[in-house]
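This report refers to the structure that appears directly beneath it.
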Amino acid sequence: MANAPHFYRRLFVRPSTAGLVAFLVAALAAAVYVLHSEREALHVRRAEVADLIGDKAHEVENAVQHGLTATYALAALVRQGRGAVPNFEAVATEMLRYYPGADSLQLAPGGVIRQVVPLVENAKAIGHDLLADPARTKEAFLARDTGKLTLAGPFNLMQGGIGAVGRLPVYLDDEYGRSHFWGFVTVLIRFPNVLVRAQLPQLVKRGFQYELWRVHPDTGQKQVIAASSETPLVDPVDRALNMPNGVWTMSVAPIDGWAHREDLVLKSFLGLMFSFLIGWLAKQMAELREHRHRLESLVDERTLELAARESKLAALIGSLPDLLFVLDESGRITECHSPDPSLLYLPIPNFLGRPYGDALPGEVIDKIRAALVGIARDGQRREFEYSLDVPAGTRQFSASMSQLSVGSGQPGGYIALVRDVTERKLAEERMQEAMVVFDASSQGIMTANADGVITSVNPAFQAITGYSAEEVVGQMPSMFKSGRHDQAFYQNLWATLERVGRWEGEIWNRRKSGDIYPQWLSISAVRDSDGKLIKYVSIFSDMTRRKQREEVIWRQANFDALTGLANRNLLHDRLERSLAHSRRTRHKAGLIFLDLDGFKWINDTLGHDVGDEMLVEVASRLQGCVRSQDTVGRLGGDEFTLVVEDIDDADGLQTVAEKVLNVLREPFVLAGANRYISGSLGITVFPDDGDDVQTLLRNADIAMYQSKQLGKNRCQFYAQDMQEAARARVQLEGELRAAIAQQQFVLYYQPIVEAQGGRVAGAEALIRWRHPQRGLVPPNEFIGIAEDTGLIVAIGEWVLTEAVRQTRQWREAGLPALRIAVNVSGVQFREAGLLPLVGRLCEDRQDGDFELVLEITESVLMQSSDVTEARMREIGAFGIGYSLDDFGTGYSSLSYLKRFPVGGVKIDRSFVRDCPEDRNDRLLVEAIINMAHSLALKVTAEGVETEAQRAFLRERGCDYLQGYLVSKPLPANDFERFVADALKR
C-alpha cells in the first residue's frame, strides 16, 4: 500500500483520465442546459400562441360586434318609416353586404318575426313569437325592458344550425309624442360562418387545434360553439372574449403537442458532441503538457523565423500608405516613414534624432504629450486628430499611438501611425450638412436601394406615416399601398422613373393606423458615374389638410350651412346637368319651388333658433319625398327647390308635390308644442315650360306665387298666362313702393251706428290708394301684394297714425268721442314694432278722446296662441280694444273668444247678404249674436244694405250696424259733416 499515492497521482495525470472526467462534467452541464432550454422554449411557444389567440379573439369579437351593429342601422330605418321599412328585402340584402358578420336580418313587430332576409334559409322563423319562446324569453324581455341591444345564444336554430341572435328594441312616438314599444329588429349570426372572417380555420393549417366555448348561464355546463375537431385539447392556451351576453373563451393547442422532439434530439446530440469535444480537448491539453519539453526545443527555430518576419515587416512598413513614426522612451524620433514627402512637416532627415517637441508645432506637441501620458498610465492605445500646414497644404490627420515592448516585456518606446483624412473630413462635413437637412425637413424623405428596399427614413416620414424607422427599413415601399390605384398607375410611375429619372404627382398611401391619405410625392433615381442605378430618393408632403380645406371650401360654396341641402350655386349646377341628361335621354325634368306658409310668424315669435330647427326638419322631410338621384335645395329663408329627373309626364311631379304638401301638414314639435305650417308650390316642366335654367327658375317662382294667390297650401303648374300676371304684379309692387314714399294713400271712413237708436258710434277706417293714373284703387287690389312683400307693415303704420291724427282733429272740431276701427294685417300684428307704435300714438291721449279698436282675423289667433295672447294684452294695456273681423268665415272657436281679450265680433257680410230670406244664414246670424252676447261681446253686422236686414238684426239684438244702408265709406270731411248732421237729428 505504500505505493498507492503514487499510483493515484499517475492515474489522474493520464491524458485519457483527464479526458474522461472532462467528458462527464461537460455531459452533466449539457443535460442541465438542454432541460432549461426546453422549458424556455415551451414558455416562448405558449407566449406566441397567446399572442396569436389574442389577435384571433379580437377578430372574433369584432366580427360579432360588427354584425350586431346592423341592428342600429335597421332600427333607424324602422323609426324613419314610422314602423315600416319600404323595400325591406332590397334594403336588408344591401345591408348584409356591409355587415359580413350578419347572416340574416329580421323585423319582429310586437315581438313576432314577420320579415326575414334572406328568406330561403330562414323561412321557418316567420311567425315565431320571441316573447313566448322560453329558450329566448330572458334576453327578449331584457331587451324590451332596458331598451338596449341584447345577444341570445348560441343555441340550435329552428331553421337549422347554430347561431346567436342580437335583438334591439324599437320604440316609436305616437301622435301625442309618447314612446311605445314597436318590436324588435334582429340580426342572426351563424356559427361557424362568422368565424370565417376571423380566419379561425387557418389555425389548423398552421398546426393548431381550437375551441370556442362558453359556460352556459342556465346549466353551468361547457357549451362548445365551434371547434376544429372533436378531440379534446391538451393543455390549451385560453383567451376570454367579452360578448354582450357574457364571457366566451377561445382555447388553442398544437395538434402535435407542445414539445418539439426533433429539437430535443438535436440539442441532445449537440450536447453529447460538445461533451466529447471537451473531453478530447482535456486529453489534448494533457498530452501538450507531456510534450512541452519538445516545444522548448523548437523556440530557437521559431526565433530565426521571427527574424525573417521582422525583415518582411520592414518591407511592409515601407509599403504602408500611412505616415509612421517611432519614438524612444524619451520621446526622440528614431524612425520616420511617409508615402508622400509633401505630407511631412519637415524632411525625414530633419525628424530623425530630434525630440518631437522640437520638430512639430505646439498644438500637435500638446496632443502627443497627452497621448503619451495616457499610454504611460494604462498602456492602452490613444487616438487623436490634428490639423497641420504641410507642403501639400493644410491637411487633416488622424493619429493612432501605441506602446512598443522589448523582448522582456518592458516598454521599448512608442509607434504612431498617421493617416491623411482630409478628404474623409470633407465628405463627413457634406454628409453632416445633408443629414441636418434630412432630419430637419418638414417633408417626409425615404431612400431605397436599387432593388427598392427601404434603407432610411427621416423624422418627418415617421411623423406623417406613423411608422418608426425600425419598422420600415428593410421593407418594400409596397407596404404603404392604399388600394386606390390600379396596376396601370404603378406601371406608368416606374416607366417614367426608368425613362426620365424622376416622377412627381399625387398619390394615396396608407398610414400605420390604416388611414388612407393623399401625398404629393417626388421620386428621383440616383445613378453613379457609370450610369448604374444605385438608389431611389423619395420626398413627399402630407396633403390631408389641404384636401380637407378644399373639401370645406367646396361644401361652403355648394351646400346650405343650416340644412346641408344644395345651395343656389350647386342647385344651378345640378339643374344644368339634369337638363343636359334630359336632352340626351329625351325625358322630361321637373322643377318645384316651395315657399313655407306661416314660417315667418314662427320665426319672429318663437325665435330664430326655433325657426332654424323647423327648417332643418323641413329639409329632412323633403329629402324623404324624392329619389336619390333627385336634388333638394334651399335658396334661402323659407324657400326650397326640388329638381326631379327622368319623368315621363307631369303626373310624376304632381305625386311628388302631393307628398311634399302631406309631410308639411304633419305637426312640428317645436318649443314643447305642436306647430303647423303649410306650403305653396310652383311647378314647371322641362322642356315644356322653358329650355334653360333661368327660364325654369323664373316660371317656377311665378307658379309658386299663383299658389299663394289661390289660398296657399297647394301646388300650381306653370301656365303661359301667369307670365303676364307676374309682370303686372312686379309693376304693381314697384308702384306700391313709390306710393309709400310719396304718401299716395287716403283714409275713407264708413260710419257704424247703434242698431236700436241709430246714433253714430264710430267708423271703420278704410284705406284707398290715390293712384296718379288709375285714380282711387280699392284695397283688395293691392293689400295681398303688400302682405307678400312685407310692405303692409309700413302701410299699416301709416293707417294707424293717420286714423289717430284724424280722430284727434275731429275732437278738436267739437265732434264727440268716436270708436275708430282699424284693420290690422296678420303680418303687421306679428311685427315686433307694432307695440312701440301703439305706445307712441297713445302717449298724450286723454280719457274720452277716442276709442281705438284693432280689427283682426281669426287666423291671427290660431298661430302661436301663447305669443299672440301676450302681445294682445300688452297692446290692450294702452286702452286699445279688439274686434274679431269676418267672424264665422274661418276656424271659429269659442275657446278663442273666451281666452283672448276680444271685445266684439263682426258678422261677415256674406252671412248678412241673404238675411232674412235664407233660412241657414238667418239661423247662423242669430246663433252668432246669441253666442257673442253670452260671452259679453258686442256684435257688429257689416254689409247691411236693406231695411229688411236692419229690421231683422234689430229684432235679434245686434248691437251695431255698418253698410251702405247707413252710408258708404266717406272722405274725412264728408264723414265729419255726416256726424254733425246726425247730431242735429
Next item on the list: Please name whichever of Val867, Val944, Thr807 sits farthest to the positive end of the charge dipole of segment 744-984, dipole taken about the Cα centre and charges placed at Cβ: Lys and Arg +1, Asp and Glu -1.
Entry: Thr807
Item checked: Proximal charge balance of Gly207 [Cβ under 13 Å; K/R count +1, D/E count -1] -> +1
Notebook entry, point to check: Arranged from highest to lowest average of other beta-carbon atoms within 10 Å per residue, in what order do the peptides 138-150, 164-176 appear?
Noted result: 164-176, 138-150
Margin query: Angle check, please: helix 15-68 long axis (alpha carbons) against the longest principal axis of the chain (alpha carbons), in degrees 0 to 90, nearest 10.
Written below: 10
Checklist line | Most positive-pole-ward Cα, Leu52, Ile929, Asn122, against dipole of the chain from beta carbon charges | finding: Leu52
Next item on the list: Using only Cα atoms, find the angle between the long axis of helix 292-318 and the longest principal axis of the chain, and express it within 0 to 90 degrees, rounded to the nearest 10.
Entry: 60
Check: Taking amide hydrogens as modeled 1.01 Å from N in the peptide plane, which residues meet the under 5 Å criterion relative to Ala152, leaving out close sequence neighbours?
Finding: Val165, Gly166, Arg167
Note to self: Could you derive backbone 3J(HN,Hα) for segment 166-178 from the dihedral phi with the Karplus parameters 6.51, -1.76 and 1.60 (θ = phi - 60°), listing whole Hz in sequence and x where the residue is Gly or Pro?
What the structure shows: x, 10, 10, x, 10, 10, 10, 8, 7, 5, 9, x, 8
Margin query: Which lysines, if any, have their Cα less than 23 Å from the Cα of Lys708, not counting same-chain residues under 8 positions apart?
Written below: Lys600, Lys659
Margin query: Taking the alpha-carbon distance from Lys481 and a cut-off under 30 Å, which lysines remain once sequence neighbours fewer than 8 residues away in the same chain are dropped?
Written below: Lys56, Lys205, Lys512, Lys532, Lys535, Lys547
Margin query: Given Cβ point charges of +1 (Lys, Arg) and -1 (Asp, Glu) and nothing else, what value in debye, to the nearest 20, does the dipole of segment 44-201 about its Cα centre take?
Written below: 160
Check: Whole number please: convex hull volume per residue of the Cα set in segment 502-607, in Å³?
Finding: 214
Next item on the list: Project the alpha carbons of segment 744-984 onto their principal axes and report the range along each, largest first, in whole Å.
Entry: 45, 44, 41
Checklist line | Tilt relative to the chain, helix 865-876 - C-alpha long axis, 0 to 90 degrees, to 10 | finding: 50
Notebook entry, point to check: Using the Cα atoms of segment 611-738 to build a convex hull, what is its mean projected area in square nanometres?
Noted result: 9.1
Note to self: Distance between the C-alpha centers of segment 353-396 and segment 673-742? Whole Å please.
What the structure shows: 102
Item checked: Rg followed by Dmax, in Å, when the chain is reduced to its Cα trace -> 51.7, 179
Note to self: Ratio of alpha-carbon Rg to the 2.2 N^0.38 Å globular estimate for segment 910-967, to two decimals, please.
What the structure shows: 1.02
Checklist line | Prolate/oblate/rounded label for segment 776-880 (Cα gyration tensor, a/c 1.5) | finding: oblate
Margin query: Within 12 Å, Cβ to Cβ, of Ser680, how many net charges do the neighbouring residues add up to if Lys/Arg are +1 and Asp/Glu are -1?
Written below: -3
Next item on the list: Just need the Rg to Rh number for segment 450-549, please, alpha carbons only, Kirkwood Rh.
Entry: 0.96
Item checked: Highest average packing first - 102-110, 906-914, Cβ atoms within 10 Å -> 102-110, 906-914
Checklist line | Phi-based couplings in Hz for segment 509-521 (Karplus 6.51, -1.76, 1.60; Gly and Pro marked x) | finding: 10, 10, 7, 4, 6, x, 5, 9, 9, x, 10, 9, 10
Checklist line | Mean-position separation - Cα centroids, segment 141-218 and segment 54-86, in angstrom | finding: 10
Checklist line | Shape box of segment 317-426 [Cα atoms, principal axes, largest first, Å] | finding: 41, 27, 27
Checklist line | Ordering of 80-86, 331-337 by packing [mean C-beta count within 10 Å, highest first] | finding: 331-337, 80-86
Check: In whole Hz, what ³J(HN,Hα) sequence does segment 680-695 give by Karplus (6.51, -1.76, 1.60; θ = phi - 60°), x for Gly and Pro?
Finding: 10, 10, x, 10, 9, 10, 9, x, 4, 9, x, 10, 9, 5, 4, 5
Next item on the list: Would you grab the residues whose amide H sits under 5 Å from the one on Asn713? Only those 5+ places off in sequence or on another chain, please, with H modelled 1.01 Å from N.
Entry: Gly679, Ser680
Check: Given only helices, namely DSSP H runs of n ≥ 4 each adding -39500 (n - 2.57), what is the per-residue ellipticity at 222 nm of the chain, to the nearest 500 deg cm²/dmol?
Finding: -14500 deg cm²/dmol
Check: Charges only on Cβ, +1 for Lys and Arg, -1 for Asp and Glu: so what's the dipole of the chain about the Cα centre, in debye to the nearest 20?
Finding: 2180
Item checked: Local electrostatic count at Gln828 - Lys and Arg +1, Asp and Glu -1, tallied over other residues with Cβ under 14 Å -> -4
Checklist line | Three principal axis lengths of segment 44-201 [C-alpha, angstrom, descending] | finding: 65, 32, 32
Next item on the list: Sum up the lysine pairs in segment 744-984 that clear both bars: alpha-carbon distance under 22 Å and a spacing of 8 or more or different chains.
Entry: 5
Next item on the list: With a/c under 1.5 counting as rounded, go ahead and sort segment 738-789 into rounded, prolate or oblate using the C-alpha gyration tensor (a ≥ b ≥ c being the square roots of the eigenvalues; past the cut-off, prolate if a/b is larger than b/c, else oblate).
Entry: prolate
Margin query: Just want the answer: with Cβ charges of +1 for Lys and Arg and -1 for Asp and Glu, which residue in Leu571, Leu835, Ile162 is farthest toward the dipole's positive end in the chain?
Written below: Ile162
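Computed from the coordinates by the stated procedures, all read-outs in this text should not be read as laboratory data. In this text, all values refer to a predicted model and were calculated from it rather than measured experimentally. All Cβ positions, glycine included, derive from the backbone under ideal geometry; neighbour counts span all protein chains shown.
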